[in-house]
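So the structure is just underneath, and the comments pick up after that.
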């Protein structure tokens, strides 16, 4: 064999080297485009500067100038549903997210569980080599999976295609005193130079992630989901941003609507013949308000504007980092909101929106007294619905409805490398379920046949990619249904039938099961951009046809049964999760548990028994102080805590009153058993009693207790009080340094 080998080697040696030199090395594959999604919260069509709004948004404006404004983009009218639709490319009921997670039911369209066969498409990008990360608000995890670190879950961001997550898990949150998670672990915010704001923090985290991804592999594309809490209440903004808008809204919401529409027309954002619908009767004319009301409401709007301006600035920092890394040209940037501006602040607004959620009347005098605190950590502020109406110019109504004010949002998209004609406007009808298939077409990423062994159902949205290159391009979109809390609509080839079920967002008093008597309206949206002219009487057959199509879509996508309740469903959801449980036992380290799945102590008698160690020599200010168990925060909740070597219990009634029982004697050193008993004596009132080692050490009467919810983002914690503190008697997190053996609740 050896001679044969030598002969072959000799033959190879005679091949001319010149031929090999002419073969070019294989070209490196073109890097797929990056994706940057900036998802705002509760921002209406007429609020950003890029859409004629009065708020300064230079970074959104910049993206619009190098890309395209879409003036006919639609969402679902509520946050969790829109986010699920955006991430999956499917209708919100189809992925079990017909409503927010807090009012989920066991009906298929409303479970708040995204089905395994309709996995978020971000997983497709991850499988195609993208680095994926989510920052900010995540409001798509079922309540029962928010049991704190170490609990079982399959619907957290890192379960659904994102490799990294940094943010909060609720509908809203204090931007000054947040409860934050990194991946699946709780983290405490770190102030910089004594200052902290969550939007700044999430931008810092996003920039760090971008730098790390780029350093490790510059050729790896990224999918960055940047979802601010802004501009959902509470409207929390640095003082200097609020100050920029002093006096800018003194003319009131009626005049602002007119001014905004005039700018929109001059910018070409809306058709020149767009009419401004009449102000709904429920909203008072600005001129009918008292001088005190006008002064207060203007300040609330100034604060909102500062909050949105500040969020734009933080997004601008992320955008600048993308540019610094040399990635801006090849990044698809998409900016939108999850629904229209929010009327959930009610007719008068509030310095504490938790009052609205609990059905407790607000007070003009109380709000006025705290006007200078609006936007700070001392308030959980929301503006009046009149400003939401102005923010949704030129449309009617607001978030939760399916008239255009609830579902018609600003949308901007740019891809400098490919999209030319920067600054143009596109008017093709598009919907948030259409974003995923569009991004997939633009990047060449296909939907995987299976994810984790489960065959994937088809995408339900329709790509609008071709419209990026032509104002005249038609999409395949011919039909889209809308439903939210009993409000229904059907869009088909430019016509829209819509029914308002009659409940306003601030009304949580009950439900109305009679859907058959709702008045349907009909609009020709190609000629009537703002739904100003109802054509139902003129074209009854057209209306009936669209109603039939709605019914077909509703049956297809799991919309039925209709249910308009919010307050009642909130109570039902909490009760169903905790049904039949009367005893709860916890130990040290059980923290960040959702209030919804904590012991349901509201309006009932209960006992808390805590067994813990009191350190030797503990005294005021020493390691003997700290929280034993707490639920809620600054704007409502309760806390059992040690301070000055004595046990205390505080019930915070919605930041209006604090009822505290102080023990009459010091705790003994060593193992102690503390018991707090609450005996209900009337509706939302009762007597509290403290015991130490079975000896009574204090009692007090609580004339008012929180009826529905301590808050949205605050949690149940053993051994600390995360987020904001329940009481001003201590500063959060007020960690107990001694050992807590157990904390038991008996209902």
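The values are calculated or read from the model by the stated rules, or taken from the named source; none is laboratory data. From a predicted model like this one, the values you see are computed outputs, not experimental measurements. Cβ coordinates were reconstructed from backbone atoms using ideal geometry, including for glycine residues, and neighbour counts include every protein chain displayed.
Give the residue, chosen from 664, 657, that is surrounded by fewer than 21 Cβ atoms within 10 Å (Cβ to Cβ), more than 30 Å from residue 141 (Cα to Cα), touching a strand residue (DSSP E or B) at 6+ places or on another chain (Cβ under 8 Å) and assigned by TED's automatic domain parsing to the domain that holds residue 732.
On the way: 657 fails: touching a strand residue (DSSP E or B) at 6+ places or on another chain (Cβ under 8 Å).
After applying the criteria, what remains is 664.
Could you tell me whether the range 606-620 includes any residue that is surrounded by 14 or more Cβ atoms within 10 Å (Cβ to Cβ), part of a loop (DSSP other than H, G, I, E, B) and not assigned by TED's automatic domain parsing to the domain that holds residue 356? Write out each step before concluding.
Pass one, the range 606-620, residues surrounded by 14 or more Cβ atoms within 10 Å (Cβ to Cβ): 606-615, 618.
Keeping just the survivors that are part of a loop (DSSP other than H, G, I, E, B) gives 615, 618.
Okay, now just the ones that are also not assigned by TED's automatic domain parsing to the domain that holds residue 356, so 615, 618.
Yes, the conditions are met somewhere in the range 606-620.
Answer yes or no: is there a residue in the range 49-62 that is in contact with a strand residue (DSSP E or B) (Cβ under 7 Å, 6 or more places away or on another chain), on the phi < 0 side of the Ramachandran plot and assigned to a strand (DSSP E or B).
Going through the range 49-62, the residues in contact with a strand residue (DSSP E or B) (Cβ under 7 Å, 6 or more places away or on another chain) turn out to be 49-51, 55, 57, 60.
This time we only want the ones that are on the phi < 0 side of the Ramachandran plot, so: 49-51, 55, 57, 60.
Filter once more, so that each one left must be assigned to a strand (DSSP E or B): 55.
There is at least one residue in the range 49-62 that is in contact with a strand residue (DSSP E or B) (Cβ under 7 Å, 6 or more places away or on another chain), on the phi < 0 side of the Ramachandran plot and assigned to a strand (DSSP E or B).
Please specify each residue of the range 545-562 satisfying the condition of being crowded, with 20+ Cβ neighbours inside 10 Å and in a loop (DSSP other than H, G, I, E, B).
Matches in the range 545-562: 557, 559.
Suppose the filter is crowded, with 20+ Cβ neighbours inside 10 Å, in the same structural domain as residue 138 (by TED's automatic domain parsing) and either in a helix (DSSP H, G or I) or at positive phi (or both); does residue 201 pass it? Steps first, answer last, please.
Numbers: crowded, with 20+ Cβ neighbours inside 10 Å: yes; in the same structural domain as residue 138 (by TED's automatic domain parsing): yes; either in a helix (DSSP H, G or I) or at positive phi (or both): yes.
Taking the combined requirement at face value, the residue satisfies it.
Which one of 281, 309 is under 30 Å from residue 565 (Cα atoms) and modelled with pLDDT of 95 or more? Outline the logic, then answer.
On the way: 309 fails: under 30 Å from residue 565 (Cα atoms).
From the options 281, 309, the qualifying one is 281.
I'd like to check something: does the range 63-75 contain any residue that is in the same structural domain as residue 271 (by TED's automatic domain parsing), assigned to a loop (DSSP other than H, G, I, E, B), within 20 Å of the chain's Cα centre (by Cα) and at negative phi? Spell out the reasoning first.
In the first step, residues of the range 63-75 are kept if they are in the same structural domain as residue 271 (by TED's automatic domain parsing); the result is 63-75.
Narrowing further to those that are assigned to a loop (DSSP other than H, G, I, E, B): 67, 75.
Cutting the leftovers down to within 20 Å of the chain's Cα centre (by Cα) gives us 75.
If we keep only those that are at negative phi too, we end up with 75.
The answer is yes, given that some residue of the range 63-75 is in the same structural domain as residue 271 (by TED's automatic domain parsing), assigned to a loop (DSSP other than H, G, I, E, B), within 20 Å of the chain's Cα centre (by Cα) and at negative phi.
Scan the strands (runs of 3 or more DSSP E) fully inside the range 677-747 and keep the ones with 2 or more residues being in contact with a helix residue (DSSP H, G or I) (Cβ under 7 Å, 6 or more places away or on another chain).
Numbers: elements: 685-692, 695-702, 715-718, 740-746.
Passing ranges, in order: 715-718.
Just to be sure I understand, how many residues within the range 531-542 are in a helix (DSSP H, G or I) and either closer than 21 Å to residue 74 by Cα or without any contact (Cβ under 8 Å) to a residue 12 or more places away in the chain (or both)? Before the answer, list the steps.
Of the range 531-542, the ones in a helix (DSSP H, G or I) are 540-542.
Now drop any that are not either closer than 21 Å to residue 74 by Cα or without any contact (Cβ under 8 Å) to a residue 12 or more places away in the chain (or both), which leaves 540-541.
Residues meeting the conditions: 2.
Kindly indicate which of 252, 247, 229 is over 30 Å from residue 35 (Cβ atoms) and either surrounded by 17 or more Cβ atoms within 10 Å (Cβ to Cβ) or in contact with a helix residue (DSSP H, G or I) (Cβ under 6 Å, 6 or more places away or on another chain) (or both).
Numbers: 247 fails: either surrounded by 17 or more Cβ atoms within 10 Å (Cβ to Cβ) or in contact with a helix residue (DSSP H, G or I) (Cβ under 6 Å, 6 or more places away or on another chain) (or both); 229 fails: over 30 Å from residue 35 (Cβ atoms).
Being over 30 Å from residue 35 (Cβ atoms) and either surrounded by 17 or more Cβ atoms within 10 Å (Cβ to Cβ) or in contact with a helix residue (DSSP H, G or I) (Cβ under 6 Å, 6 or more places away or on another chain) (or both) holds for just one of 252, 247, 229, which is 252.
Select from the range 421-462 the residues that are assigned to a loop (DSSP other than H, G, I, E, B) and without any contact (Cβ under 8 Å) to a residue 24 or more places away in the chain and write down the one among them that is nearest to the chain's Cα centre (by Cα).
Filtering the range 421-462 down to residues assigned to a loop (DSSP other than H, G, I, E, B) leaves 421-423, 427-429, 444-449, 452-453, 456-462.
Next cut, without any contact (Cβ under 8 Å) to a residue 24 or more places away in the chain only: 449, 453, 458.
Working: 449: 30, 453: 30, 458: 26 Å.
Looking at residues that are assigned to a loop (DSSP other than H, G, I, E, B) and without any contact (Cβ under 8 Å) to a residue 24 or more places away in the chain, I get 458.
Any residue at all in the range 517-530 that's under 27 Å from the mean Cα position of the chain (by Cα), modelled with pLDDT of 95 or more, crowded, with 20+ Cβ neighbours inside 10 Å and in a loop (DSSP other than H, G, I, E, B)?
Taking the range 517-530 as the starting set, the residues that turn out to be under 27 Å from the mean Cα position of the chain (by Cα) are 530.
Narrowing the set further to residues that are modelled with pLDDT of 95 or more leaves 530.
Checking which are crowded, with 20+ Cβ neighbours inside 10 Å leaves us with 530.
Checking which are in a loop (DSSP other than H, G, I, E, B) leaves us with 530.
Yes; the residues of the range 517-530 include at least one that is under 27 Å from the mean Cα position of the chain (by Cα), modelled with pLDDT of 95 or more, crowded, with 20+ Cβ neighbours inside 10 Å and in a loop (DSSP other than H, G, I, E, B).
Yes or no: residue 371 in the same structural domain as residue 294 (by TED's automatic domain parsing), touching a residue at least 60 places away in the same chain (Cβ under 8 Å) and touching a strand residue (DSSP E or B) at 6+ places or on another chain (Cβ under 6 Å)? Give the derivation first.
Details: in the same structural domain as residue 294 (by TED's automatic domain parsing): yes; touching a residue at least 60 places away in the same chain (Cβ under 8 Å): yes; touching a strand residue (DSSP E or B) at 6+ places or on another chain (Cβ under 6 Å): no.
Taking the combined requirement at face value, the residue does not satisfy it.
Has the range 97-112 got at least one residue that is touching a strand residue (DSSP E or B) at 6+ places or on another chain (Cβ under 6 Å) and either crowded, with 21+ Cβ neighbours inside 10 Å or in a loop (DSSP other than H, G, I, E, B) (or both)?
Applying the first criterion (touching a strand residue (DSSP E or B) at 6+ places or on another chain (Cβ under 6 Å)) to the range 97-112 yields none.
No, because not a single residue in the range 97-112 is touching a strand residue (DSSP E or B) at 6+ places or on another chain (Cβ under 6 Å) and either crowded, with 21+ Cβ neighbours inside 10 Å or in a loop (DSSP other than H, G, I, E, B) (or both).
Do any residues in the range 206-233 that are under 18 Å from residue 333 (Cβ atoms) have Cβ atoms under 7 Å from those of residues that are surrounded by fewer than 24 Cβ atoms within 10 Å (Cβ to Cβ) and at pLDDT below 95, where the two are at least six apart or on different chains, and which pairs are they?
Note: pairs meeting the criteria are 221/31.
Residue by residue through the range 140-160, note down the ones that are in contact (Cβ under 8 Å) with a residue 60 or more places away in the chain and part of a loop (DSSP other than H, G, I, E, B).
Our first condition is that a residue be in contact (Cβ under 8 Å) with a residue 60 or more places away in the chain; within the range 140-160, this holds for 140, 143-144, 146-149, 160.
140, 146, 147, 148, 149, 160 - these are the residues of the range 140-160 that are in contact (Cβ under 8 Å) with a residue 60 or more places away in the chain and part of a loop (DSSP other than H, G, I, E, B).
Regarding residue 399, is this residue surrounded by fewer than 24 Cβ atoms within 10 Å (Cβ to Cβ), touching a residue at least 12 places away in the same chain (Cβ under 8 Å) and under 21 Å from the mean Cα position of the chain (by Cα)? Spell out how you get there, then give the answer.
Numbers: surrounded by fewer than 24 Cβ atoms within 10 Å (Cβ to Cβ): no; touching a residue at least 12 places away in the same chain (Cβ under 8 Å): yes; under 21 Å from the mean Cα position of the chain (by Cα): yes.
Criteria not met by residue 399.
Of all residues in the range 576-593, which are modelled with pLDDT under 95 and surrounded by 16 or more Cβ atoms within 10 Å (Cβ to Cβ)?
Once the filter is applied, which keeps residues that are modelled with pLDDT under 95 and surrounded by 16 or more Cβ atoms within 10 Å (Cβ to Cβ), the range 576-593 yields 577, 578, 588.
Hey, residue 376 hits all of (1) assigned to a loop (DSSP other than H, G, I, E, B); (2) within 23 Å of the chain's Cα centre (by Cα); (3) surrounded by 23 or more Cβ atoms within 10 Å (Cβ to Cβ) but one; which does it fall short on?
(3)
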